[in-house]
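Only one structure is covered here, and it is reproduced in the block below.
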Ligand code: SF4
Ligand code: SF4
């Protein structure tokens, strides 16, 4: 199996943990993994990304344009920013909840998450949208966006990993008291809840 | 052996541990920081680890350990090497007994640095061998080999990863603890003829170094990480590599082309060749001394070579030099010939483009193979949000800058900044950093400006870690030379920018010991400052009046704004806006730029998940609309 996965969002949203879980899940299946992510100053409220590459025959941790099988977006504008990485016919899983940048607050310019989702709808056939607001409310925690999105990515089939694979990774990487909550978030993405489009 | 998912820097650290490293010293700096931290985390019992006060100190500590026969590692970022270059240049002549690896992380882009300097040049300049890893796995193995070379040739060696190697992750095969080398230092042996640098010794050693580097160049030509990769050695992932013109004949069609690369760029080249066509690749793992014999073998029979490397055209110059010396009719392309961009980092895509262009040039057979997968066309994409890095919500630096700004309004001022989180004080709406050059430079610049413009109030802002690292001499200079300036110390009790390392003012060491804090105020008084005031920046009134008072004093005076970094203390308080009191003047938003303050239409509110309750906004709100507690918790 060869998979190229792009995760993206705003600093502090939990993209790093999600990419670590994917990597751990792949390693448990004895697959080679490489990844790269934003580190340092840019993390502070800036745009962040992780590239995860799974499979044999890979030299570089970085993904090239048009090479990603799936983009997992934690914020709609950031998802749009990463679209050039998506391969033809690739899958996009995105949260619909926008995060306004401080610059917009200062200049009074308005940034619309809906505009981003509309654009994604135009551009991407395999698009899955997670209503993070509603989902976090139903699950009863605001800290599970990463597992919600991973769950939707698993269900889309484009991740090449199963729910069991991710669960096994959660068991090894997270303290036990968080398991049940994260499993619930992972399982949340039924088609009706995370519609295609 | 077992596998671990490791960041490049972690792999380097574990490699050093596997090589039996006895001492690690360094100064934090992106992208090098995690190397030292990982050694401390994984093997604190087996090696002595310290964050030194700056890179020069770190270099000297590591050299001392290596004099005593220890395996020593010193870590820093590329600009840190500028600070440590004085001991290093002399150490190159003196040499070492135990293996000494000087890890300097370069930062093409630059992504989080002031310069795009290339440490490979420093290797040429200092005549010290240089290792340039291309991946986490290679870095793990290469640093062990670097120690061995260092001991074999009695010289410190450079180990120079770049950001994408440092911060890339991979499943790396590493040794189990029982496979580690145990290195027992045999102690320092007195020998003034060896350890005391004198002009005569330098002259004699210079001769030896030039000879040694010839031997090393030969040795490196058979070092397995310097390689010529022919098309049949390529990793083949997807059942066949498209478009090799030579797959049947085994010969390249004229003109015969090759590619030379090193570091992370080598991996980009190998990826690009999967789609762009075939060419032999020369991988350079030791840019200095250059593996000439291997390079000549590579050049033999080629007509054109494209060099893919980041920062400076080091490999390119070496190949041109070789062609000149050996009268080889090979055209060498790269940054010098403007075939490859000469600033900023390479990417998978830029390298693909370079290689496709190079192979397609006058070479019909490669053209068809140059079809890379296309991304969906980005037409009519909506404007994307801009997210520049900013000071965190509740950051005490914001309050310090704002107090100085308010106090000095209408006066002629210059605000000289420095290196740290507080460089972000330059962003709107604070706009409080007029200059920033390098660690500790703000002090000197403020003095120089003051000499030319005596009517300007000259301020230098410096953080606590930077103060200890490289600002103290600047203060001595100012006092001794009777400067007129205000020094502002932004003391948040940590090295925040690089991930909260301890420093002399924190009272903790990297080995976890609790030690006496070195008191900044006492240091300043010891140097001779008579006006030194310490104030909590989150007390707005007190801060403003302190700045007004102190700035009017003659000579060198200092204010220490003391309040801990919120990323360390993680306060869980919050404030909120009472809508009935808020008149939507938006003063809080316009003047502070705190990311927790949000406005939608006319309504100003506070994002309780970001707000730390620092209360700065409530102190400047003209109507007292911002109050303690979360909305509706009755805490008003
Ligand atoms: S109290 Fe005001 S300035 Fe301080 S963190 Fe909260 S919103 Fe920002
Ligand atoms: S400064 Fe006070 S009154 Fe003005 S917008 Fe902010 S909260 Fe409202």
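The values are calculated or read from the model by the stated rules, or taken from the named source; none is laboratory data. It should be emphasised that the depicted structure is a prediction, and the values quoted were computed from it without experimental measurement. So basically every Cβ, Gly included, is an ideal-geometry build from the backbone, and we count neighbours across all protein chains shown.
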- Message: Give me the residue from the range B:396-415 that is more than 15 Å from residue B:591 (Cβ to Cβ) and assigned to a loop (DSSP other than H, G, I, E, B) and, out of that set, nearest to the chain's Cα centre (by Cα).
- Response: B:412
- Query: Which members of the range B:596-610 meet the condition of being more than 10 Å from chain A (Cβ to nearest Cβ) and out of contact with any strand residue (DSSP E or B) (no Cβ under 9 Å at 6 or more places or on another chain)?
  - Reply: B:602
- Can you tell me which residues in the range A:13-36 are facing chain B (nearest Cβ under 9 Å) and either touching a strand residue (DSSP E or B) at 6+ places or on another chain (Cβ under 7 Å) or without any contact (Cβ under 8 Å) to a residue 60 or more places away in the chain (or both)? A:19, A:23, A:24, A:26, A:27, A:30, A:31, A:32, A:33, A:34, A:35, A:36
- Query: Since residue B:584 meets every condition but one in (1) within 16 Å of ligand 2 (Cβ to nearest atom); (2) away from every other protein chain (no Cβ under 14 Å); (3) over 18 Å from residue B:629 (Cβ atoms), which condition does it not meet?
  - Reply: (2)
- Query: Among (1) more than 12 Å from chain A (Cβ to nearest Cβ); (2) within 9 Å of ligand 1 (Cβ to nearest atom); (3) in contact with a strand residue (DSSP E or B) (Cβ under 9 Å, 6 or more places away or on another chain), where does residue B:616 come up short?
  - Reply: (3)
- Message: residue B:609 - would you say it is away from ligand 2 (no atom under 14 Å from the Cβ) and without any contact (Cβ under 8 Å) to a residue 40 or more places away in the chain?
- Response: yes
- Item | Selection count where residues are within 9 Å of ligand 1 (Cβ to nearest atom) and surrounded by fewer than 17 Cβ atoms within 10 Å (Cβ to Cβ), scope the range B:572-599 | 1
- surrounded by fewer than 19 Cβ atoms within 10 Å (Cβ to Cβ) and either at pLDDT 85 or above or within 14 Å of ligand 2 (Cβ to nearest atom) (or both): does that describe residue B:628? yes
- Message: Condition check: surrounded by 17 or more Cβ atoms within 10 Å (Cβ to Cβ) and at positive phi. Does residue A:140 satisfy that?
- Response: no
- Task: Test residue A:62 against the criterion of being at the interface with chain B (Cβ under 7 Å from one of its Cβ atoms), closer than 30 Å to residue B:263 by Cα and buried (at least 20 other Cβ atoms within 10 Å of the Cβ), and give yes or no.
- Result: yes
- Message: Quick check on this structure: which one of B:568, B:556 is more than 12 Å from ligand 2 (Cβ to nearest atom), assigned by TED's automatic domain parsing to the domain that holds residue B:478 and under 40 Å from the mean Cα position of the chain (by Cα)?
- Response: B:556
- residue B:351: surrounded by 21 or more Cβ atoms within 10 Å (Cβ to Cβ) and either assigned by TED's automatic domain parsing to the domain that holds residue B:110 or more than 17 Å from residue B:277 (Cβ to Cβ) (or both), yes or no? no
- Within the range B:179-201, which residues are out of contact with any helix residue (DSSP H, G or I) (no Cβ under 6 Å at 6 or more places or on another chain) and either over 23 Å from residue B:20 (Cβ atoms) or outside any loop (DSSP other than H, G, I, E, B) (or both)? B:179, B:190, B:191, B:192, B:193, B:194, B:195, B:196, B:198, B:199, B:200, B:201
- Message: With the structure loaded, tell me whether residue B:567 is within 14 Å of chain A (Cβ to nearest Cβ), near ligand 1 (Cβ under 10 Å from one of its atoms) and either surrounded by fewer than 17 Cβ atoms within 10 Å (Cβ to Cβ) or under 23 Å from residue B:403 (Cα atoms) (or both) or whether it fails that test.
- Response: no
